[in-house]
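See structure below.
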Amino acid sequence: MPEFFEEEEEEEEEALPELDSDRVVMRMAPYPSGPLHIGNARMILLNDEYVKRYNGKLILFFDDTIGSEQKKPLPEAFDMIKEGLEWLDVDWHETYYKSDRMDTYYEYGEKIIEMGESYVCECSAKELRERREKGEACKHRSKTVEQNLEDWHAMLDGEFKEGEAILRLKTDMKYPDPAFRDRVLFRISERTHPLVGDEYRVWPLLEFSWAIDDHLLGMTHILRGKDLVMEDKMEEYIWDIFGWDHPEFLHYGMLRLKDVNLSKSEFQRKISKGKIDGWDDPRTWSLQSLRRRGIQPEALRDFILDFGLSKTDIEVPASKLYAKNRESIDIVANRYFFVPDPVEIELQGEIELEKAEIPRHPDKPERGNRILETGKKVFIPREEYEEYQGQEIRLKNLCNLTLEGNKGIITGFGNKDILKIQWLVEGIDVEVERPDATVEKGLGEKNLEETKAKDIIQFERYGFVKILDKEPFYTVFGHR
RNA sequence: GCUCCCGUAGUGUAGUCCGGCCAAUCAUAUUGGCCUCUCGAGCCAAUGACACGGGUUCAAAUCCCGUCGGGAGCACCA
C-alpha cells in the first residue's frame with residue numbers, strides 16, 4: 001500500500017515542469033467572495049505541490065480589496081476558504097490580507113506619482129474606455145507632479161466621490177495592446193469592507209497591489225491563470241519603475257468542467273436571493289459541497305494535478321473526477337440495498353430461503369454478511385418494474401422471477417446470468433440528495449442502522465453516497 | 001477590431017526549450033474477453049492522435065513561415 005502511493009506521487013511530480021530555482025516562495029490569492037470551488041483548486045494545488053516539492057514557503061494572501069458591485073467580498077468567505085484549504089491538505093505558512101496593507105499601497109502610490117509615472121484622472125469610465133480604444137490621452141495626463149500629488153491627497157481626503165477620480169499609470173496611450181493603455185492603479189469606492197469597514201475609500205486594483213506585495217514579500221514564482229497574463233506585464237512595468245527584480249511567472253490555461261457553471265459571484269447572488277440553500281449546495285461545486293458528496297481530497301488533488309501546468313484550455317467531464325474518487329472509496333464503501341421509488345410485487349410460488357445473506361463488500365469477505373428478511377411481498381425499483389415486464393429477472397441473492405404486472409412468478413433460486421436487481425421486503429425511509437439538489441426518496445435496508453453519519457457507502461446498482469444524517473436517513477449522492 | 005496565448009487519440013496528458021533513441025507515453029473513455037450474485041471493483045486485449053499547407057535538414061510532433069481553429073484580455077472586478 002505505501003509503495004503504491006509513493007510511486008504515484010513520483011509520477012505526479014514528473015508531470016510538472018521543473019523550476020529553475022533553489023528557493024521558492026509562492027502565494028495563493030483567493031478573492032473572498034465565497035468558498036473555494038473546484039475551479040480554484042487548480043491554482044491552490046499547483047502552488048501547494050510546487051512549494052512542497054521545493055520545500056519552499058507558501059503564503060495565503062486574501063485578495064480582499066473592495067471588489068466591485070457584482071463581486072463583493074463576503075465576511076464568511078475568509079473562514080470558508082481556510083476550511084477548504086485544510087480539507088485539501090494544503091500547507092501554508094503565512095496569511096496576509098490586502099485590506100490590512102492599505103497604508104503600504106498608499107505609500108508606494110505616492111512614490112509612483114512623485115516619480116512622474118502616474119496621474120490622477122477625472123474622466124468618466126465611459127470617456128476613459130473610448131479614449132483607450134482610440135489611443136488618445138486626456139488632458140489630465142499632462143498635469144505636473146505637484147498637481148497630481150494635490151489631487152491624490154484630495155482623493156484620500158474624500159474630496160472626490162466614487163467614480164470622480166482615479167490614479168492611472170502612464171504607460172503609453174499608443175501602446176499596441178489596448179488593454180495596456182494607462183491602466184487604473186487606484187479608484188474610489190464608498191462600499192463598506194467586511195473587515196475594515198469604512199476606514200478607506202481609495203482602493204488599489206490588483207495589478208498595483210500585487211506589484212508591491214510580490215516584491216515586498218519576496219515572491220520567487222507567481223502562478224496564475226491565463227486570464228491574468230496581462231497582469232504580468234503590468235507588474236513588470238511597475239517593478240521596472242521602482243528598479244526591482246522580477247519573479248518568474250507560471251501560467252495555466254482555463255479549466256472548465258463540462259456542463260458545470262463555476263461563477264462564485266453568480267452563486268453569491270442566487271444564495272442571497274434564496275434560490276440556493278447554501279455554500280455547500282451541490283450545484284455550487286464548492287469544496288464544501290464536494291466534501292459533502294463524499295469526494296476525497298486526494299482524488300481531487302490527483303484529478304487536478306493530472307492537467308499539469310499546460311497553457312491549453314481544457315474542458316473535462318466531471319466523470320473523470322468521479323473515476324479518481326472511485327479509486328479511493330470503492331474499497332471502503334460497504335454495500336447496501338436502496339430501492340428508489342419502490343413498487344410492491346407479490347411473489348408466486350414457494351420461497352426457499354428465510355433469509356438472504358449478502359456480503360457487506362464483495363471484495364472483502366472478512367467484513368461479513370448482512371442479512372435480509374424475505375417474504376411474499378417485495379419492493380423493487382419502479383424503473384425495473386416497468387422496464388422488465390414479462391421478462392425474467394433475478395432478485396439478487398434470492399430468486400429468479402418473471403414479472404407479470406404486480407406478480408412475480410418464481411422460476412428458480414440458483415444464480416443465473418440475467419439482470420440482478422436490489423429488493424427489500426421491509427426497510428427504512430431513505431432520502432438521497434442528487435447533484436442537481438433534488439431529493440430522491442426510497443426504501444433502504446434495515447442494516448443501514450449499523451452505519452454512522454459521514455460514512456461513505458454504496459447503494460448497489462445505484463451509486464456511492466455519503467450519509468449525512470441518520471434520523472431521518474439522509475444521504476448525498478456522490479457518483480456511480 | 002487590436003494584443004497575447006494555445007492547438008498530440010472521444011477527453012485529458014508525456015514528448016516540443018536542447019530535431020534522430022517517437023511506426024509517439026500514461027490515464028480515462030469505448031469495445032471485446034475473463035472474473036464477480038451490483039449498471040461497482042479487478043484482470044487481459046483491442047480501438048484511437050502529432051490541426052492544415054509550405055520551407056530548412058540526411059532526419060521534424062519538435063526549428064521557420066503562412067493558413068485555419070479555439071481561448072483570454074481590451075472593467076474605476078479578480
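The values are calculated or read from the model by the stated rules, or taken from the named source; none is laboratory data. Bear in mind the structure is a predicted one, so any value in this text is a computation, not a measurement. All Cβ positions, glycine included, derive from the backbone under ideal geometry; neighbour counts span all protein chains shown. For the accessible areas, the whole protein counts, side chains as well, though only heavy atoms, and no ligand, DNA or RNA atoms are used. Shrake-Rupley method; radii C 1.70, N 1.55, O 1.52, S 1.80 Å.
At a glance:
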read-out	value
Strands (runs of 3 or more DSSP E) completely within region A:306-375 that count 3 or more residues being away from RNA strand B (no atom under 12 Å from the Cβ) and among the hydrophobic types (A, V, I, L, M, F, W, C)	A:342-348
Selection count, region A:414-439, where residues are over 31 Å from the mean Cα position of the chain (by Cα) and open to solvent by 50 Å² or more (accessible area, probe 1.4 Å)	7
Enumeration of residues in region A:34-61 that are more than 14 Å from A:M80 (Cα to Cα) and open to solvent by 10 Å² or more (accessible area, probe 1.4 Å)	A:G39, A:M43, A:E49, A:K52, A:R53, A:Y54, A:N55, A:G56, A:K57
Residue match in region A:187-203 (condition: touching a residue at least 40 places away in the same chain (Cβ under 8 Å), more than 24 Å from A:P32 (Cα to Cα), surrounded by fewer than 21 Cβ atoms within 10 Å (Cβ to Cβ) and more than 10 Å from RNA strand B (Cβ to nearest atom))	no
Lone unmet requirement of (1) under 17 Å from A:F180 (Cα atoms); (2) assigned to a helix (DSSP H, G or I); (3) open to solvent by 50 Å² or more (accessible area, probe 1.4 Å) for A:L128	(3)
Tally of residues being farther than 22 Å from A:I212 by Cβ, at pLDDT below 95 and within 7 Å of RNA strand B (Cβ to nearest atom) across region A:164-179	3
Qualifying residue in region A:40-56 (condition: outside any helix (DSSP H, G or I), more than 19 Å from A:V196 (Cβ to Cβ) and of a type in the set (D, E, K, R))	no
Selection count, region A:185-207, where residues are among the polar types (S, T, N, Q) and in contact with a Leu (Cβ under 8 Å, 6 or more places away or on another chain)	0
Selection count, region A:440-460, where residues are within 13 Å of RNA strand B (Cβ to nearest atom) and either under 28 Å from the mean Cα position of the chain (by Cα) or assigned to a strand (DSSP E or B) (or both)	4
